[in-house]
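Read-outs throughout are calculated quantities, based only on the coordinates presented, and are distinct from any laboratory measurement. Quantities reported herein were computed from a predicted structural model and do not represent experimental measurements. Glycine also receives a Cβ, built like all others from the backbone with ideal geometry; neighbour counts cover every protein chain displayed.
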């Protein structure tokens, strides 16, 4: 399993707006996931979810990697990735690959430097390169710079930049749902529980104001026993 | 969960209101099992000072929080598997497959954080109104022991999901025991049940969490309440209400706890539940503070996380540990940061209880110790480098200076005159 650690990103993370009510988008993200991610990454905990059933995801499709495959870094299961990292992290990570001949895969990443994952989106996104090839020689690396000030698109792929952002966004929406599917039930039950409590608070507080206050003004001691 | 709470409430209501009217049956049972007179003694005949304010609700809230943890805990134990291979996935089983498992788990994880919030406010109230002073010294000490037990319970529970932070935090805490001279290393092996933190450790922490500390906590809460009810509640003015009683021996400044304060505190308890469920339904991880991001990754003994940090409620003590360069001394000071509170009743020499009638010196001391504690809590979650380290050293110094200075400050402070009776407002 990878050693993920939040905070070692070389660039600031882009904010992504998560909309858990957009079911169509989650399903679309799931389809994208099946196309681009499922060949290496599993979602073991997710297989019994209704959304997984709708997508046709099954345990048999999930890849299983031995511990020593991929030079000891097998692709991790992504069931909880949006919680252990963050949606923002995923959204930025998947879009900040750049050409680096020094890496065995030919690509490096700004958010997760020296990542072992090959760039999965070469044909869609195209190639990104460092704006200044000597950027890292001058010890610039820190987390506040925006990624688009460090790398630029050299060669466009099958999708335009806006389409590609949408594509990745869909996947992030899907993975966020996967990491905690209880979100639907929570949003559904939440208002009822809170409404019930609000009503109950109002009733008991009104009772205290109307009845209890009088008692406090002229307290009665209990009968001796 | 709601249903069990409602049933409990209804049962208490029935016992208090209906059964005493069945004179024959009620009296027959009561002679053999004094349950009704016990409840009457501790609710209807418990003289509560009439000026108890909202700060006094935190004691009742702590009981509610405790009940929530016990009830939700029972359901979690039904599905949780305490082995290194299964623990992490059994938590996911609870979250995804068990009907309403997510609710029970989020209630349990939110519950512990809010329990600490409530307990810290409860302790602050005790400090503010001098509830530790004579005759409540043992009551205060049992409270300090309870805090310690609660921390042990929370820590052993934190290990159970077997995520990265569970594993590494338990490693850090267990290694502290190795700084005990002579027997330290043996204690570490005994605690771990192994030469490393492993599945065996997880299994015994499960035992400590579910049976060990939880029952000690119950027993200690029982003692805490027995002690409270034998010496009586303090009040915001720190006036001794037992001095002035009517013919029947009822304190003039007291009202029966039931129904007066029950009536007053029920909306507050419901408000607590409201906040509770806002978090459960809309922010269960509470921005990574109640459920840390790192802990959603399975425990991996080969990969150390970048920053090992404790849960927020233990971070002040962790900040003290890190601010002292020597590990053994750090562990000792961490222990002392709680143990020293045991002696507070004898360190505080002021004849006055409540801060309402204390001079500026005592007030400054209180603000300093509370302020430094909060600051340490923040710093414990940050990496111990640069200014963070300097600040945590200053805060540690301020925190411990309280125990050195409070005898002097409280002795020389210019206190105000405490009234004989609770003043009318």
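The angle between the Cα long axis of helix A:23-36 and the longest principal axis of the Cα atoms of chain A comes to about 30 degrees, rounded to the nearest 10.
Set the Förster radius R0 to 60 Å, insert the Cβ-Cβ distance between residue B:346 and residue B:7 as r into 1/(1 + (r/R0)^6), and round the FRET efficiency to 0.05.
Numbers: r = 45 Å, r/R0 = 0.74.
Calculated value: 0.85.
Compared with the dominant Cα axis of chain A, that is its longest principal axis, helix A:182-207 is turned about 20°.
Which of rounded, prolate or oblate describes chain B when judged by the alpha-carbon gyration tensor and an a/c cut-off of 1.5?
Since a/c reaches 1.5 but b/c is at least a/b, the shape of chain B is classed as oblate.
Where the centroid of each part is defined by its Cα atoms, how far is segment A:157-219 from segment B:96-166 in Å? One Cα centre to the other: 24 Å.
With Cα atoms defining each centre, segment B:241-272 and segment B:276-336 are spaced 40 Å apart in the structure.
Which of B:261, A:146, B:167 has the fewest other C-beta atoms within 10 Å, and how do the rest follow up to the most? Show your work: numbers first, answer last.
On the way: B:261 23, A:146 11, B:167 27.
Ordered from fewest to most neighbouring Cβ atoms within 10 Å, B:261, A:146, B:167 come out as A:146, B:261, B:167.
Each label point was placed 7 Å from the Cα along the Cα-to-Cβ direction; for residue B:134 and residue B:356 their separation is 2.3 nm. Take the Cβ atoms of residue A:160 and residue A:73, set R0 to 41 Å, and the FRET efficiency comes out at 0.80.
In percent, what relative contact order does segment A:19-170 have, based on Cα pairs under 8 Å that are 6 or more apart in sequence? Display every interim value, and only then the final one.
Working: 162 pairs, mean separation 32.3, N = 152.
Worked out over segment A:19-170, it gives 21 percent.
Taking the longest Cα principal axis of chain A as reference, the axis of helix A:161-179 is set at about 50 degrees. Would you work out if the protein assembly as shown is rounded, prolate or oblate? Take a ≥ b ≥ c from the square roots of the eigenvalues of the alpha-carbon gyration tensor; rounded if a/c is under 1.5, else prolate when a/b is larger than b/c, oblate otherwise. Judged from the Cα gyration tensor, the protein assembly as shown comes out prolate (a/c at least 1.5, a/b above b/c). Modelled spin labels at residue B:77 and residue B:23, positioned 7 Å past Cα toward Cβ, are 4.4 nm from each other. The fewest-to-most ranking of A:80, B:289, A:57 by surrounding Cβ atoms within 10 Å reads B:289, A:57, A:80.
Using only alpha carbon pairs under 8 Å that are at least six residues apart, calculate the relative contact order of segment B:334-404 and give it in whole percent.
On the way: 30 pairs, mean separation 26.7, N = 71.
Computed value for segment B:334-404: 38 percent relative contact order.
Which of A:92, B:201 has the fewest other C-beta atoms within 10 Å, and how do the rest follow up to the most?
Placing the least packed residue first, the sequence is B:201, A:92.
Mean residue ellipticity at 222 nm from the helices of chain A, using -39,500 (n - 2.57) per DSSP H segment of n ≥ 4 over the full residue count, to the nearest 500 deg cm²/dmol? Working shown, then result.
Working: 8 runs with 85 residues, N = 225.
About -11500 deg cm²/dmol.
Kirkwood analysis of segment A:23-180, using all unique Cα-Cα pairs, places the hydrodynamic radius at 16.7 Å. Per-residue shielding of A:191-202, expressed as the average number of other chain Cβ atoms within 10 Å of the residue Cβ, stands at 4.
Once the Cβ-Cβ distance of residue B:124 and residue A:39 is raised to the sixth power relative to R0 = 45 Å, the FRET efficiency obtained is 0.20.
For segment A:154-225, the alpha-carbon radius of gyration amounts to 2.52 times the rule-of-thumb value 2.2 N^0.38 Å expected for a compact globular protein. Here each label is just a point 7 Å from Cα along the line to Cβ, and for residue B:30 and residue A:216 those points are 3.0 nm apart.
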